[in-house]
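See structure below.
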Amino acid sequence: MSKTDLKFYNNHPYHPGGGMIKRLLWHYVNGFVFKTSLFPVYGIKAALLRLFGAKVGANVQIKPNVNIKYPWLLTIGDEVWIGEQVWIDNLVMVTIGANVCLSQGATILTGSHNYKKTSFNLITGSVIFEDGVWIGAKAVVNQGITVGSHTVLTTGSIATKNLEPHSIYQGNPAVKIRDRVIG
């Protein structure tokens, strides 16, 4: 039986874009402004994301201790809330629609590894949050997932497949437990 052998790992042809200097600058801006609780000013955070290539809508609130891998691979709509300790691990594009809430500690993953290969190859897939989505605290959305319009992924749940619009999902893996009816 074959075994994983990480010395053969090679993520070619993956490249995050942005160039080496831009990635280095972002590393420090992310660390000193976004991943700290010492810098709570939303408008400046949105402006910095735009400066690094993100498309950011109006009235975006980014709480303290947020980690964003690559802003040039991020689109955020209007009226979005990103809670404390959210991790957007966007190796590829993450699109966040309008009126989306990513609650405290939510993790957005766009990459994983192919456990069937001895070389543990990188696997990536974009993540899309349509308008009105709510991702609960400590929930995880895996690579290649689309969360349909006005869907809720409850606290601590893990999305491993696309989530239908106007639904509430719960568990690991997350399953639909009912329709979301907004009154």
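May I ask you to say which residue of I182, I158 is open to solvent by 30 Å² or more (accessible area, probe 1.4 Å), aliphatic (A, V, I, L, M) and closer than 21 Å to N114 by Cβ?
I158
Is it true that K35 is open to solvent by 80 Å² or more (accessible area, probe 1.4 Å), under 20 Å from H113 (Cα atoms) and among the charged types (D, E, K, R)?
Here the answer is no, as K35 does not meet what is asked.
When the stretch 127-151 is examined, which residues are found to be touching a strand residue (DSSP E or B) at 6+ places or on another chain (Cβ under 7 Å), open to solvent by 10 Å² or more (accessible area, probe 1.4 Å) and either hydroxyl-bearing (S, T, Y) or under 19 Å from N67 (Cβ atoms) (or both)?
Of all residues in the stretch 127-151, those touching a strand residue (DSSP E or B) at 6+ places or on another chain (Cβ under 7 Å) come to 127-130, 133-136, 139-143, 145-148, 151.
Subsequent filtering for residues that are open to solvent by 10 Å² or more (accessible area, probe 1.4 Å) retains 128, 130, 134, 140, 142-143, 146.
Of everything in the stretch 127-151, those that are touching a strand residue (DSSP E or B) at 6+ places or on another chain (Cβ under 7 Å), open to solvent by 10 Å² or more (accessible area, probe 1.4 Å) and either hydroxyl-bearing (S, T, Y) or under 19 Å from N67 (Cβ atoms) (or both) turn out to be V140, N142, Q143, T146.
Specify which of the listed residues (I88, I21) is among the hydrophobic types (A, V, I, L, M, F, W, C) and surrounded by 12 or more Cβ atoms within 10 Å (Cβ to Cβ).
On the way: I21 fails: surrounded by 12 or more Cβ atoms within 10 Å (Cβ to Cβ).
Unique residue meeting the criteria: I88.
Conditions tested, residue by residue: (1) in contact (Cβ under 8 Å) with a residue 40 or more places away in the chain; (2) touching a Phe, Trp or Tyr at 6+ places or on another chain (Cβ under 6 Å).
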site	(1), (2)
H27	no, no
A46	no, no
A54	no, no
Q85	no, no
G97	yes, yes
C101	no, yes
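With respect to L6, is the statement that it is within 18 Å of the chain's Cα centre (by Cα), closer than 30 Å to I123 by Cβ and either in contact (Cβ under 8 Å) with a residue 24 or more places away in the chain or surrounded by 12 or more Cβ atoms within 10 Å (Cβ to Cβ) (or both) true? I'd like the intermediate steps shown before the answer.
On the way: within 18 Å of the chain's Cα centre (by Cα): no; closer than 30 Å to I123 by Cβ: yes; either in contact (Cβ under 8 Å) with a residue 24 or more places away in the chain or surrounded by 12 or more Cβ atoms within 10 Å (Cβ to Cβ) (or both): yes.
In short, no.
Given the conditions (1) out of contact with any Ser or Thr (no Cβ under 6 Å at 6 or more places or on another chain); (2) open to solvent by 30 Å² or more (accessible area, probe 1.4 Å); (3) hydrophobic (A, V, I, L, M, F, W, C), and given that I76 satisfies all but one, which numbered condition is not satisfied?
(2)
Do you know which residues across the stretch 91-117 are more than 26 Å from I182 (Cα to Cα) and open to solvent by 10 Å² or more (accessible area, probe 1.4 Å)?
Once the filter is applied, which keeps residues that are more than 26 Å from I182 (Cα to Cα) and open to solvent by 10 Å² or more (accessible area, probe 1.4 Å), the stretch 91-117 yields L91, V92, M93, L109, G111, S112, H113, N114, Y115, K116, K117.
Since W26 meets every condition but one in (1) surrounded by 18 or more Cβ atoms within 10 Å (Cβ to Cβ); (2) under 16 Å from the mean Cα position of the chain (by Cα), which condition does it not meet?
W26 satisfies all of (1) surrounded by 18 or more Cβ atoms within 10 Å (Cβ to Cβ); (2) under 16 Å from the mean Cα position of the chain (by Cα) except (2).
Going through the stretch 51-73 one residue at a time, which ones are in contact with a Pro (Cβ under 8 Å, 6 or more places away or on another chain) and surrounded by fewer than 17 Cβ atoms within 10 Å (Cβ to Cβ)?
Selection gives G53, P64.
The values are calculated or read from the model by the stated rules, or taken from the named source; none is laboratory data. Keep in mind that this is a model prediction, so the values were computed, not measured. With ideal geometry, Cβ positions are generated from the backbone for all residues, glycine too; neighbour counts draw on all protein chains shown. Side chains included, ligands, DNA and RNA excluded: accessible areas come from the protein's heavy atoms. Shrake-Rupley method; radii C 1.70, N 1.55, O 1.52, S 1.80 Å.
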